[in-house]
Amino acid sequence: MRFQLTEDQRALRSGVRELLARRFGPEQLRAAVEAPGRLQKGLWRELGEAGFFALRLPESQGGVGLGLPEAVLAFEEAGRALLPGPLVATHLAAAEVPGAATGETVVTDVGGCGLVEWLSAADVVRGDDGGAVPLRSVDPLTPLHRVPGTPSSPWAAEAPGADPAAVLLTAAEQLGSATRACELAAQHARTREQFGRPIGAFQAVKHLCAEMLVRTETARAAVYAAAVTADPADIDTARLLADDAAVRGARDCLQVHGGMGFTWEFEVHLHLKRAWVRTHRTSDATESEERLAAELLAGSG
Amino acid sequence: MDLAYTPDEEEFRARLREWLAKALPTLPPKPSPEDWPGRRAHDLGWQRMLHDAGYGDVHWDASPTLRLIFLEETEKAGAPYVGAGFVGLLHAGPTIAAEGTDEQRARWLPPILRGEEVWCQGFSEPDAGSDLAALRTRARRDGDDYVVSGSKIWTSHAEVADWCELLVRTDPDAPKHRGISWLAMPMDAPGITVRPLKTLAGTTEFAEMFLDEVRVPVANRVGEENDGWRVTMVTLSFERGTAFVGEVVACRRVLRELAAEARGNGRWDDPVLRRRLGRLNAEFRALWRLTQWNVSEAEAADGIPGVGGSVFKLRYSHARQELFDAAAEVLGPASLDLDRPWMSDRLSSLSYTIAAGTSQIQRNIVGERILGLPKER
C-alpha cells in the first residue's frame, strides 16, 4: 500500500497549478467577476490543449490516458483557483461530444437538482433543458438556469442517480476550495495584528484555523481514496466530507478575516458561493446520506 | 496513489487470519472490568500467545503497514486489545527500543513482548496535565540512585504494573522543557503508594501515585539526564500514528450493529436518524482512509509518523463520541440502562477528547506546527 501522491502526480498537480496561476490569477479572477456570464473561450481552449478535458481519454483517441486520481488532482486545482465554467460537464463529455476534449466545444448539462450552469455560454447542453429560465445566481461566477418540471424531490428513490464521476470531480473542486480557504485564513492569522500580536496567537482564532485544516485533510483522504477505488460508497463519503470542508472552511475563513471577509473585493465570498453551488450540482447530499445508511444494513461496509 | 497491498503484506494478512481462527477459540473468557488481577493475567496471556506465534514485536518492529494489517485483522477477528500491555507495547517499549542502551533493551523489551511485565505511565501530575512540562516530581541524585518524591495522577494500570515510565524533574533551575528525565521505576520499590481512582464510567482504570523518597537506580534512566522531554516526544508521535487503527475498525462494526438495531426497533423509519447514521458511516470511512494515508506517509518517512496523527486524533475522538450518542438515540429510553450494548462505551468515550492531549491542546499543535501560527506567549 502506498497511499501517497506519486512523483508524476505531484508534477501534474504543480503543472496545473502553474498554468492556472499564469492564466487565471487574481487579476483575471477580478475581471471575470466584473463581466458575469462571459466565459473566456481562449482560456477554455488553452485548458483543452493542456489536456484538462481529455485527461482520461485513451491516447488512441487523442487523450492523455490518465485516470481518475489524476483528474481529481486537476479538478482540485481548478477549485482552488475558482476557475469558472462547466468544467466537470465538459470533461465528462470528452469521449462523446466532438470538440469537448480539445476545449473547442463548451458542454454543460442539466444537473440532478434541475439546475443548469453556464447555459447561455455553452455550445452543447446534455439533458433536456426545455423551458429553462434564468435565475439570479448567488455565485457571480456561475450563471444558473432552472429547468421546470425536474424532480421536486431530487432525493426520491426513483430519481436517477448522478454520474459518480461528476460527484467525485465536484468533490475534488470542493477540496481545492477548502485547501485555499485554510491557507488564506492561516496567512491572515499569521500577519494581521490586533492587541499588539498576530491574531493567530489567540486560541479562538488559532482553533478555527486548526479545525479548517482537520476538515480539509480528512476530506482529502476521502476524496483521494475514492479516486483510487471509484467505489460508490467511497464517492458518497468523499462528497459529504468535501462539501462540509468547503462550505464551513469558507465561512471560517470569512470570519477570520473580520470586516474584510465581508467585502466584495476579498475572494472568500466567491469560495463560499461556489461551494454552495457545487453542493447542489449533481444531487442532493441527502441522497448520499441515505445510500451510506443503506450500505450499513447491506453489511458490506 | 495506491490502496493495494503488496503480495508480502497480503501473505502476512492471510497467515495472521489463519492463526487467529485457530488461536481465538482457545482463549479463556474475558474477565470482568472490575477484576484487575484477572485482566492482567488475561491480557498478558494473549500477548504471550502472540509472542509464541511470532507476532510479539509487531507493535514496534514491523513496518507501519504490517502494523496496520495486524491491528485491522485482530480487531475484525474479535481478538483482545493490548489492554494492560498498552503502555509497555505502545509507549514505554518503543521509547526504550528507540532511545535505550543495549543493556536496557535486553532487560526490558523481551518481558514486554513475552507478556510477562506490565508498565504504567507516570507522566501527568495534579498540576501538570495539558501543561505536562510543568511537572514537579523531583529526582535528586544520591550516589548511584535518584531519590524521587512527588505525585502522579491518571496513571493507568498502576495497580497491576511492574514498571513505571516516569518523568521527573532533574534540574529545577533549567527552563521547564529542559530539566526533565525519563526513568524506569520498579513498582515494588519502597515509598510508592497507589490509590485507585474511579472513573465516571464506574471502573478503576487509573490511579493516583504518591512517591516518597523512592530510590531509582541511575542506570534506569533512558536517554541523557535532562533530555527526557525529547525522549518522550519521540514516542508520543508514534502513539498518535497507528494506536487507533483497531478502534476505527471496531467503530465501523458498531455502526452496522446500530443500523440493524434501528431496523429492528423501528427507529430506522426516521429519516433524520438514518441520515445521521449515513453521515457517521461517511465519517468512519474517511477516518479509515486517513489512517491509511498516515500509515503510508510513515512508511515513506522510514517509520516516523508525520503530523497527521494530531489531525486524526482530533477528528476521531469527536467522531467516537458522536457514534455513541447516535447509539443512545437508536436505543431511546433504553440508553439509560448501562447493561444495554454501547452504553458503557458511551461513558468511556467521554475521555477521548481529554486523554493523551485534550482537543484544545491538539488544536494548538495543529495551528502552530502545521499552519505556522504564532504561540500565545
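The values are calculated or read from the model by the stated rules, or taken from the named source; none is laboratory data. Please read all numbers here as calculations on a predicted model, not as lab measurements. Using ideal geometry, Cβ is built from the backbone for each residue, glycine included, and neighbour counts are taken over all protein chains shown. Side chains are part of the model used for accessible areas, which takes the heavy atoms of the whole protein and leaves out ligands, DNA and RNA. Shrake-Rupley method; radii C 1.70, N 1.55, O 1.52, S 1.80 Å.
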Quick one: would you say A:Val97 is farther than 19 Å from A:Ala31 by Cα, free of Cβ contacts under 8 Å to residues at least 60 places away in the same chain and assigned to a strand (DSSP E or B)?
no
Residue by residue through the range A:289-301, note down the ones that are without any contact (Cβ under 8 Å) to a residue 60 or more places away in the chain and part of a helix (DSSP H, G or I).
A:Glu289, A:Arg291, A:Leu292, A:Ala293, A:Ala294, A:Leu296, A:Leu297, A:Ala298
Report those strands (runs of 3 or more DSSP E) wholly inside the range B:126-238 carrying at least 1 residues which are touching a Gly at 6+ places or on another chain (Cβ under 9 Å).
B:138-142, B:145-156, B:163-169, B:180-186, B:206-217
Given (1) over 27 Å from B:Gln360 (Cβ atoms); (2) within 14 Å of the chain's Cα centre (by Cα); (3) assigned to a helix (DSSP H, G or I), identify the lone condition not met by A:Arg281.
(3)
Suppose we filter the range B:53-87 for residues that are of a type outside the set (S, T, N, Q), part of a helix (DSSP H, G or I) and touching a residue at least 60 places away in the same chain (Cβ under 8 Å); how many remain?
12
Within the range B:82-129, which residues are open to solvent by 20 Å² or more (accessible area, probe 1.4 Å), touching a Lys or Arg at 6+ places or on another chain (Cβ under 7 Å) and farther than 23 Å from B:Ile180 by Cα?
B:Gly83, B:Arg114
Among the candidates A:Val247, A:Val268, residue that is touching a residue at least 24 places away in the same chain (Cβ under 8 Å) and over 22 Å from A:Ala221 (Cα atoms)
A:Val268
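For the range A:242-269, which positions are among the hydrophobic types (A, V, I, L, M, F, W, C) and either touching a Cys at 6+ places or on another chain (Cβ under 9 Å) or open to solvent by 10 Å² or more (accessible area, probe 1.4 Å) (or both)? Full working, then the answer.
Keep residues of the range A:242-269 that are among the hydrophobic types (A, V, I, L, M, F, W, C), which gives A:242, A:245-247, A:250, A:253-254, A:256, A:260, A:262, A:264, A:266, A:268.
If the condition is that a residue be among the hydrophobic types (A, V, I, L, M, F, W, C) and either touching a Cys at 6+ places or on another chain (Cβ under 9 Å) or open to solvent by 10 Å² or more (accessible area, probe 1.4 Å) (or both), then A:Ala245, A:Val247, A:Cys253, A:Leu254, A:Val256, A:Met260, A:Phe262, A:Trp264, A:Phe266, A:Val268 are the ones that fit.
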Does A:Ser137 count as closer than 22 Å to A:Ala242 by Cβ and assigned to a loop (DSSP other than H, G, I, E, B)?
yes
May I ask you to list the residues in the range A:223-240 that are at the interface with chain B (Cβ under 10 Å from one of its Cβ atoms) and touching a residue at least 40 places away in the same chain (Cβ under 8 Å)?
A:Val223, A:Tyr224, A:Ala225, A:Ala226, A:Ala227, A:Val228, A:Ala233, A:Asp236, A:Thr237, A:Ala238, A:Arg239, A:Leu240
Checked against (1) open to solvent by 30 Å² or more (accessible area, probe 1.4 Å); (2) under 23 Å from A:Ala31 (Cβ atoms); (3) in contact with a helix residue (DSSP H, G or I) (Cβ under 8 Å, 6 or more places away or on another chain); (4) free of Cβ contacts under 8 Å to residues at least 60 places away in the same chain, A:Asp123 satisfies every condition except (3)
Over the range A:181-204, the set of residues more than 8 Å from chain B (Cβ to nearest Cβ) and surrounded by 24 or more Cβ atoms within 10 Å (Cβ to Cβ) is A:Ala181, A:Ala185
Selection count where residues are part of a helix (DSSP H, G or I), within 17 Å of A:Lys206 (Cα to Cα) and more than 14 Å from the chain's Cα centre (by Cα), scope the range A:242-260:
8
Return a yes/no flag: does the range A:64-80 have any residue that is open to solvent by 20 Å² or more (accessible area, probe 1.4 Å), in a helix (DSSP H, G or I) and away from chain B (no Cβ under 14 Å).
yes
Residues within the range A:93-134 that are acidic (Asp, Glu) and closer than 10 Å to A:Val147 by Cβ, tallied:
2
Got at least one residue in the range B:94-114 being over 21 Å from B:Ala219 (Cβ atoms) and either modelled with pLDDT under 95 or among the β-branched types (Val, Ile, Thr) (or both)?
no
Residues that are among the basic types (Lys, Arg), in a helix (DSSP H, G or I), away from chain A (no Cβ under 13 Å) and surrounded by fewer than 19 Cβ atoms within 10 Å (Cβ to Cβ), drawn from the range B:321-377
none
Taking the condition of being facing chain A (nearest Cβ under 7 Å) and among the small types (Gly, Ala, Ser), how many residues in the range B:261-301 meet it?
5
Quick test of your reading of the structure: A:Met1 fulfils all but one of (1) within 14 Å of another protein chain (Cβ to nearest Cβ); (2) modelled with pLDDT of 95 or more; (3) buried (at least 17 other Cβ atoms within 10 Å of the Cβ). Name the failing condition by number.
(2)
Can you find, within the range B:26-65, the residue that is farthest from the chain's Cα centre (by Cα) among those that are open to solvent by 20 Å² or more (accessible area, probe 1.4 Å) and of a type in the set (Asp, Glu)?
B:Asp52
Selection status of A:Ala294, open to solvent by 10 Å² or more (accessible area, probe 1.4 Å) and aliphatic (A, V, I, L, M):
yes
